[in-house]
Amino acid sequence: MIKLKRVLTIAMALSSVVLVAQSDEDVLKTIYKQSLTNGQSYQWLNHLSNQIGSRLSGSLGAEKAVAYTKEELDKLGLDKVWLQPVMVPRWVRGAKEYAFIETERGKTNTVNICALGGSVATPGLGLKANIVEVKNFEELEALGKAEVEGKIVFYNRPMQADLISTFEAYGGCVNQRYSGAVEAAKYGAVAVIVRSMNLRQDDLPHTGSMTYGNLPVDERIPSAAISTNDANLLSTMLQLNKDIKFYFKQSCKQLKDVQSYNVIGQITGSEFPDEYMVVGGHLDSWDLGDGSHDDGAGVVQSMDVLRLLKESGITPKRSIRVVLFMNEENGLRGGKKYAEVAKQKNENHVFALESDSGGFTPRGFNFDCSDASFSQVLSWEPLFKPYLIHYFEKGGSGADVGPLKTETNVLAGLRPDSQRYFDHHHASNDTFDAINKRELELGAATMTSLVYLFDKYGINPINTSGNIKK
């Protein structure tokens with residue numbers, strides 16, 4: 001038994017020596033090979049999506065997802081796995097929503113809607129009123145109370161199709177979904193209907209979070225999203241007859257906050273255990289689909305980063321954590337709680353990477369960091385070129401890791417090809433069948449490679465000229 005232990009120790013030592021002698025090109029090649037031939041992310045996502053399903057904060061699905069991912073992290077033989085308690089909101093959709101456009105009494109066209117997350121319900125028998133269409137808050141203000149009071153406000157600003165960055169297009173119109181009810185209520189509107197955040201023309205309504213700000217409970221108005229096809233139909237019908245009416249019924253409600261958890265696993269650093277690197281995604285999802293792209297993909301890719309490091313024989317210098325954040329979609333409670341606890345413990349988080357842009361083909365990363373750290377990243381471009389990773393830009397990172405930002409650390413966000421992302425985002429077709437196994441595994445390998453390089457070389461280096469090989 002003693003001889004066997006000695007042989008294993010020598011073998012591990014020799015393995016470490018071989019890894020140190022490898023060039024960074026060889027290490028990345030090993031990581032990609034492991035992910036593409038021995039990846040685990042697709043199998044994990046299959047279970048998360050098809051056996052558990054949607055995971056809205058406070059739901060049974062979210063509870064099951066916490067238990068499942070903790071169990072799977074336990075199996076990886078990490079140094080530590082634990083649950084971090086966090087109170088989260090609990091909003092429930094209730095019965096399926098119903099809506100129609102009424103051109104005259106008895107003549108109706110049924111349309112596809114869904115309640116926006118956080119919305120109040122309509123009256124029990126539904127709500128019917130005349131409707132006014134606007135493209136933005138300025139048009140709403142120009143109409144004023146005289147034109148809006150007692151009516152439904154229809155926000156119909158499409159995502160800008162000529163923008164190559166679909167996230168930029170999303171950012172250019174999402175305020176109508178998030179703040180539309182608050183703005184419409186100022187002028188006496190009775191409800192809000194919002195064009196879905198979707199570049200494709202289809203019949204699927206896309207949900208998402210909305211806010212009432214400081215509006216008193218009795219002044220809150222119901223809010224729903226309408227599919228892009230039906231938004232076009234409604235707009236055309238309004239042009240033909242401004243006196244048409246819109247009816248909809250939804251039974252959603254906000255319940256009391258409940259306890260949930262962030263799921264955390266750690267490999268403790270061999271040289272700098274008190275320097276922490278985080279990789280993560282959000283475990284919660286909206287309730288219409290099963291959340292495979294948003295953000296089941298980011299969850300399983302992040303889990304696989306730690307597994308791939310171990311499988312590739314890499315012993316990290318710094319402590320690397322996978323954090324599966326709860327409640328990104330309608331509150332960001334998990335990300336805020338993790339940062340709060342880290343601050344209380346005076347933990348030094350030097351790097352954090354988030355995957356929350358879908359499981360499509362990886363293109364590169366956004367970085368929120370100093371110029372010196374970004375120069376270091378650019379020196380690694382030749383390492384990623386064989387894998388067609390070419391996008392390295394300064395910019396935002398991710399909602400959950402954002403609260404960890406300091407003046408000296410590096411935050412990053414994986415940037416997959418986004419052209420199809422908003423076809424599925426927050427809709428009923430965000431399902432496992434929309435995931436490509438190879439694309440998902442390429443993303444996991446790309447994330448692992450960046451984590452490996454930052455762990456090896458640290459941040460804010462004095463000299464970045466010699467980082468490609470060692």
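Tabulated results
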read-out: Translational diffusion coefficient (Stokes-Einstein; Kirkwood radius from C-alpha pairs) of the chain at 20 °C, 1.002 mPa s, in µm²/s; value: 91 µm²/s
read-out: The chain: angle of helix 60-75 to the longest principal axis, Cα-based, in degrees nearest 10; value: 10 degrees
read-out: Part-to-part distance (alpha-carbon centres) for the stretch 185-257 and the stretch 389-414, which is given in Å; value: 33 Å
read-out: Between helix 24-38 and the chain: long-axis angle, C-alpha atoms, 0 to 90°, nearest 10; value: 60 degrees
read-out: Members of LYS343/LYS405; LYS135/LYS186; LYS70/LYS437 lying beyond 20 Å, as alpha-carbon distances in this model show; value: LYS70/LYS437
read-out: Cβ crowding within 10 Å averaged over residues, with 274-282, 218-226, 424-432 ranked highest first; value: 274-282, 424-432, 218-226
read-out: Label-point gap, in nm, between LYS186 and SER251 - each point 7 angstrom along Cα→Cβ; value: 3.5 nm
read-out: Cut-off under 5 Å, modelled amide H: who pairs with ALA191 long-range; value: VAL153
read-out: The stretch 324-470: C-alpha gyration tensor shape, a/c 1.5 cut-off, then a/b vs b/c; value: oblate
read-out: Computed accessible area, VAL27, all protein chains, 1.4 angstrom probe, square angstrom; value: 0 Å²
read-out: Gained length - ASP371 relative to TYR387, 0.36 nm times residue gap less alpha-carbon distance; value: 3.3 nm
read-out: LEU240/LYS394 FRET efficiency (R0 45 Å; Cβ-Cβ; nearest 0.05); value: 0.40
read-out: FRET E, pair ASP274, ARG200, Förster distance 45 Å, beta-carbon r, rounded to 0.05; value: 0.40
read-out: DSSP bridge orientation in the chain - percent antiparallel, rounded to nearest 5; value: 55 percent
read-out: Exposure rank, largest accessible area first [ASP417, ASP455; 1.4 Å]; value: ASP417, ASP455
read-out: Average Cα contact separation per residue, the stretch 67-167, under 8 Å, 6 or more apart, as relative contact order %; value: 17 percent
read-out: Inter-probe distance in nm under a simple model that places probes 7 Å from Cα toward Cβ, at VAL92 and LYS336; value: 2.4 nm
read-out: Simple spin-label estimate for LEU163 and THR315 in nanometres, 7 Å along Cα-Cβ; value: 4.8 nm
read-out: Helix 297-311 vs. the chain, principal-axis angle (Cα, 0 to 90°, nearest 10); value: 0 degrees
read-out: Whole-Hz couplings from phi, Karplus 6.51/-1.76/1.60, listed for the stretch 47-55; x for Gly and Pro; value: 5, 4, 7, 8, 9, 9, x, 4, 9
read-out: Computed E for GLU139/LYS64 - FRET, C-beta separation, R0 45 angstrom, nearest 0.05; value: 0.50
read-out: Test item: Cα-centred dipole of the stretch 184-264, Lys/Arg +1 and Asp/Glu -1 on Cβ, debye; value: 100 debye
read-out: Mean Cα-pair separation over length for the chain, i.e. relative contact order, pairs under 8 Å, 6 or more apart, %; value: 21 percent
read-out: Cα gyration tensor shape for the stretch 18-57, rounded if a/c is under 1.5, else prolate or oblate; value: prolate
read-out: The stretch 347-390: C-alpha gyration tensor shape, a/c 1.5 cut-off, then a/b vs b/c; value: oblate
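The values are calculated or read from the model by the stated rules, or taken from the named source; none is laboratory data. What you see is a predicted model; the values in this text were computed from it and never measured. Cβ sites come from the backbone with ideal geometry, for glycine too, and all protein chains shown count toward neighbours. All accessible areas refer to the heavy atoms of the entire protein, side chains included, with ligands and DNA or RNA removed. Shrake-Rupley method; radii C 1.70, N 1.55, O 1.52, S 1.80 Å.
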